[in-house]
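The values are calculated or read from the model by the stated rules, or taken from the named source; none is laboratory data. Only a predicted model underlies this, so the values are computations on that prediction, with no experimental measurement involved. As a convention, Cβ positions derive from the backbone with ideal geometry for all residues, glycine included, and neighbour counts pool all protein chains shown. With ligands, DNA and RNA removed, areas are computed over all heavy atoms of the protein, side chains included. Shrake-Rupley method; radii C 1.70, N 1.55, O 1.52, S 1.80 Å.
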Amino acid sequence: MPEASTRPASLHRPGGWQSVRRNRPAMLSLGFLSLLALLALLGPPLMPEALKTTSEGAFLPPLSPGAHAPVTHLLGTDKNGQDLCYRLLSGARVSLGVGLSGAAISLVIGTLYGMVSGFAGGRVDALLMRTVDLLYAVPRILFIMIFIAAFDGLLKDAVDGLRLHAQASGWLWLEDTARRLLPYSKIVVMVLSLGLVEWLSMARLIRGQVLVLRELPFVTAARAMGQSGWRILRLHLLPNLSTLILTYLTLTIPAVILDESFLSFLGLGIEDPAASWGSLLKDGAQVINPVESKWWLLAFPAALMSLSLLALNFLGDGLRDAFDPRSGD
Amino acid sequence: MLTFLLRRLISSALVLFFAVSLTFLLTRMLPGGPFDREKTGSARVQEALQEKYKLNGTLWQQYTSYLADLARLDLRVSTKYRDWSVAEILGQKLPASLKLGGIAFVLASTLGVLLGMIAAMHRDTPVDWAAMVGALVAISIPTFITGPFLIAIFALWLRWLPVGGWGSVSHLILPSVCLAAPYIAYVARLMRNSLLDVLRSDFLRTARAKGLTETQAVARHAVKVAILPVVTYLGPLAAHLLTGSMVVESVFNISGAGSLFVNSIQNRDVFPLCGAVIVYCALLVFFNLVVDLLYSLLDKRIRLHA
């Protein structure tokens, strides 16, 4: 990449944002994702109570009226008579939330690691990068499973301990909160585990870019003015890495969502009563058979999940085309 | 060349050692042990079992004694499936995964490279657009959706292929396509971008100037250079595909090695887990070596040094 040194501001190409805005699939994807996020955030609280609870009307097909309450099940109901539309939107909350926060954790670790490695150079760089190489040699699923096994017990015990302590002290509201939080502790565990595993590629990428940036005159100037390493990293390098980070955040989110759904599909992730797209697909796959097709339980989660991942990938691709100096013009 | 191979051998052994150590130590440090569900849960039974399976003493003692056994090429026995040695378990579960992964790898590399070339040579036409949108769709849809979908169409509706199971050639088609689909797409995208870069370069302009058609220029000159990033990607991919996919194997009801990782951790069955990691790492370092050798074959300017 010889032209990189003659094109110092390559990360902030002036047309970057304009090129994203002109990218129709990317903008369409952004619109879809914003709509989905809005629906997932506002939808569940605004829905009538009758849709949120279990009912006797199990496996009702789409657009059928509720068993008792005067509601319409837009997308049908599942085996517990719960409204699929409600489950799908609360699942979207979990899946998107896990994807976003998991990707954010991996981003922070990867960025810090890559920046330190690239900026320090020499032996530190070699050591840190060999470590990344070695971590690549261990299957990812192994680390994810080990982290889940390690954190799951810890966090459950902590929340349960809090509940018992509150019970003993007579703080009813705290006891109640702790009891309701218990099924959701698994979500936190998933976020931590996936975040702690996904940062390797990010670290490599950031390090490569820092290696280019640190040779540029403005870094030398900052050094000549006596600024410390951390200050240079924070004030001069981080802003120049921001679009690259944003781009790969967008591309890491679908990867984390996919990992989470994969684990939930295998029954290792999100547990009832909480739901994610993966656990909904697992429930759907369990009741599918050629005799009596409950197609809606599989089709709607699959469609929503695939569309969301597609939109995230389109958006990430658009950002990468616009901002990644290595992706060519 | 000889020193290169020798140095690579040493570094490969180090990677293997590191991966096995990390797996063993982390798994043994996890809460819960392999004998927790014993019906006769007395402390003495636990101790006897731990001694029988050489999991007694401090973590360090367990670790060094395991390494000593590994040096004697003894992979030990499973603590969950009591009558089975790790070598037997691998011998039974690996062949199906190797076969399936091998077919998927061939599909991913050939179809992917071909699709990527076609897309690059028809840049910004509907052909390119369709190939790249198709690739993004294939990447975005997880295998546990494509799997049931393929079964519903080709097995339940058209009745062309069996739903699942293992045995004849027809059993291989759906799972290998399902396994390969996202990787065909990755390779196609990689190949397209890389070929587009090469098509802009000077030596290709020369090739066109001396009268070669675009197809001839690509086939004789561009592909050899453009395929290098794809070759890099294919090394780790081979190791990944050959060690089995848990989702594909469970969707199509195949007894393979894909579930070995997850199930072994769930059961705290440390020796089969380490065995699987050894196989994965050995494949990984082997294919990375193949990649480096291919590199020097494809591009004569690259010298091998580790």
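A few points about this structure:
- Alpha carbon convex hull of the range B:134-247, projected area averaged over orientations, nm²: 9.2 nm²
- For the protein assembly as shown, the dipole from Cβ point charges (+1 on Lys and Arg, -1 on Asp and Glu) about the Cα centre works out to 1720 debye, to the nearest 20.
- Carbon + sulfur, % of accessible area of the range B:96-196 - ligands and nucleic acids excluded, 1.4 Å: 75 percent
- Farthest towards the positive end of the charge dipole of the range B:202-250, among the residues B:V231, B:A219, B:A207, is the Cα of B:A207, using unit charges on the Cβ of Lys, Arg, Asp and Glu.
- The packing ranking of peptides B:177-187, A:179-189, B:64-74, A:135-145, highest mean first, is B:177-187, A:135-145, A:179-189, B:64-74, where packing means the average number of other beta carbon atoms within 10 angstrom of each residue.
- When the accessible areas of A alone and B alone are added and the area of the pair subtracted, with a 1.4 Å probe, the result is around 2800 Å², both sides summed.
- Computed on the range A:90-191, the Cα convex hull volume stands at 130 Å³ per residue.
- Rounded to the nearest 20 debye, dipole of chain B from Cβ charges on Lys, Arg, Asp, Glu: 560 debye
- Put the Cα centre of the range B:231-258 next to the Cα centre of the range B:89-142 and the gap is 14 Å.
- Residues whose placed amide H lies under 5 Å from that of B:S245, excluding near-sequence neighbours: B:G258
- Among complete DSSP H helices in chain B, those whose alpha-carbon atoms stretch at least 15 Å along the helix's long axis and whose mean Kyte-Doolittle hydropathy reaches 1.0 are B:2-29, B:86-121, B:126-140, B:170-199, B:228-242, B:270-298.
- The range B:4-126 - accessible surface per residue (Å², probe 1.4 Å): 59 Å²
- In the range B:1-92, the GluC sites (Glu not before Pro) that fall in loop regions by DSSP, at most 15 other Cβ within 10 Å: B:E38
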